[in-house]
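Notes for the one structure printed next.
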Amino acid sequence: LQRDAKGQYLFDLLCHHLNLLEKDYFGIRFVDPDKQRHWLEFTKSVVKQMRAQPPFTMCFRVKFYPTDPAALKEEITRYLVFLQIKRDLYHGRLLCKTSDAALLAAYILQAEIGDYDPGKHPEGYSSKFQFFPKHSEKLERKIAEIHKSELSGQTPATSELNFLRKAQTLETYGVDPHPCKDVSGNAAFLAFTPFGFVVLQGNKRVHFIKWNEVTKMKFEGKTFYLYVSQKEEKKIVLTYFAPTPEACKHLWKCGIENQAFYKLEKSSQVRTVSSSNLFFKGSRFRYSGRVAKEVMESSAKIKREPPEIHRAGLVPSRSCPSITHGPRLSSVPRTRRRAVHISIMEGLESLRDSAHSTPVRSASHGDAFTAPGRSGRAESSERVAVIADENYSPADSVLPTPVAEHSLELMLLSRQANGAPCSIEEEKESEAGTPAAAEAEEAGGELRALCPGAGGLGAAQAEQVNKFVLSVLRLLLVTVGLLFVLLLLLIVLTESDLDTAFFRDIRQTPEFEQFHYQYFCPLRRWFACKVRAVVNLLIDT
């Protein structure tokens, strides 16, 4: 990957490989060394956005969830969205009742293993696969019952379509939670969905604000402000506190992008947004893609033979015990995933199959914002959401994107220290001295970009210096502009014949008359003398 290659180039390369045309719903996400998530900006250089050393680990995933996923034009797009929502369900980001959870899991079973066959599926077969962070035997029996009796004969495409239709009706469809605290210090999760802004506390949705009611979003340091204008001219300002300034800025940028994508009629209406009311202070950001309405119109014009879809069936797990070092849960299904490797000399290599165990779930900024009931756990990474009769918590996975490869190596070492066996693939990767890859998003896989250039501390320091220089330049620009405006006003007052009431009042003040005769007139004569001297010198030469 060339040093100056833009994010758009990398994204188009991946979408071309996946044969994906409805690509505006997807994006590439990565995690910096401070465990902060970022979306890859397509208008900027890939290398300059990275703070870690190459190779870089990035994830292809859904960025903007379709308002109606069942209405997507192509089956390949629906399949990728299906994989993403299935992952959301597994990580506890999709809240639902037990009955809905059983139906969604049954759709997944039908799509990936087909009709129930007594010869192939013995009693308790659904317990071999894990669809949620944790579930009971009663739920497993309910899943198997629905799969046996209600879904027989459905093709994978039909089951995936029914899964999407059901998931779209849930309140937390499309939720990607950002951990925060409210003004009272209570833990909360903020999220942006296709329909508006959502605030979750525990298992409840405490706020839902439609996009047309959101008038402004801004942030200052760790504080995020949401300005809301509701009916009867009622105005509300919601205030939340993020763990770090970087997390708050990421939250703000996600909000700006989601509002532009779902609310605007066309991309020409997109404007550059500032996080501050002052020109020379704060961050400026502009959404660079198309909006939802334009994407739907473009999708309707697609006319091609449907691309072939290589679905991955569920395979009985050979994975390690849960990396939370807690009690072993039901086996996690292993799917065949693909990893994209990009090298400097060879460009995009062919995809290779790879099997990985449960994703790395490292501690994130959200760990300091866990609910009080979870504080007694040994480690923040041990939070496991349980499906109750009502709902289960979204706090189980606030950092779904893989972190740098060395994190998984540390996890392997900790497993070995505790006597926990690892899978054959992980043993080979560890012994070979190569970093074990974090789990890729099922929708696209892991991207490794071997890029030349500085990373780490030097890049971070350079970024801070650039921000400081940019702030100083903005301040100087504003100062020069103000001085220029004052100079123009002074010339108009002293040299023009305009006789408006405003100018007349100023000219009649004693202070202005004193300035005019004691300072301005001598300065004008001196300046005119110098100009004449220069003109005469030029004429003589």
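Computed with every protein chain present, the accessible area of ILE491 is close to 80 Å² [probe 1.4 Å]. For MET217, the solvent-accessible surface computed with a 1.4 Å probe is close to 10 Å², ligands and nucleic acids excluded.
Taking the charge dipole of the range 178-300 about its Cα centre, with +1 at Lys and Arg Cβ atoms and -1 at Asp and Glu Cβ atoms, the residue from HIS178, ILE256, MET296 reaching farthest to the positive side is ILE256. For the residues VAL291, VAL485, a 1.4 Å probe over the protein chains yields an accessible-area ranking, largest first, of VAL485, VAL291. What do you get for Rg/Rh of the range 178-300 when both radii come from the Cα atoms and Rh is the Kirkwood radius? Rg/Rh: 0.97. Remark: the range 476-483, residue by residue, has Karplus-estimated 3J(HN,Hα) of 4, 4, 5, 4, 4, x, 5, 4 Hz, where x stands for each Gly or Pro and the curve is 6.51 cos²θ - 1.76 cosθ + 1.60 at θ = phi - 60°.
Computed over the range 478-540, the convex hull of the alpha-carbon atoms projects to a mean area of 5.9 nm².
Can you give the net charge of the other residues whose Cβ lies under 11 Å from the Cβ of LEU200, counting K and R as +1 and D and E as -1?
+2
What pairs in LYS23/LYS235; LYS63/LYS181; LYS73/LYS166; LYS97/LYS263; LYS73/LYS138 have C-alpha atoms more than 27 Å from each other?
LYS23/LYS235; LYS97/LYS263; LYS73/LYS138
For q values of 0.11, 0.13, 0.17, 0.19 Å⁻¹, compute log₁₀ I(q)/I(0) with the Debye formula on a Cα-only model of the range 7-168, without solvent. Rounded to two decimals, the profile gives -0.55, -0.72, -1.02, -1.15. Per-residue accessible area (protein heavy atoms, 1.4 Å probe) orders GLU233, GLU220 as GLU233, GLU220, starting from the largest.
Solvent-accessible surface (1.4 Å probe) assigned to SER299 amounts to roughly 10 Å².
The range 145-211 to the range 99-128: how many Å between their Cα centroids? Each part's Cα centre sits 22 Å from the other's. Working note: Karplus 6.51/-1.76/1.60 with θ = phi - 60° gives the range 96-112 the couplings 6, 6, 4, 5, 5, 4, 5, 5, 4, 5, 5, 4, 5, 4, 5, 5, 10 Hz, where Gly and Pro are set to x. Largest first, the residues GLU308, GLU112 sort by 1.4 Å accessible area into GLU308, GLU112.
Using the Cβ-Cβ distance between GLU495 and VAL237 with R0 set to 51 Å, the FRET efficiency works out to roughly 0.60.
The values are calculated or read from the model by the stated rules, or taken from the named source; none is laboratory data. Treat the numbers as computed from the prediction; the structure is a model and nothing was measured. Cβ: placed from backbone, ideal geometry, glycine included. Neighbour counts: every protein chain shown. Accessible surface is based on the protein model in full, side chains and every heavy atom, while ligands, DNA and RNA are left aside. Shrake-Rupley method; radii C 1.70, N 1.55, O 1.52, S 1.80 Å.
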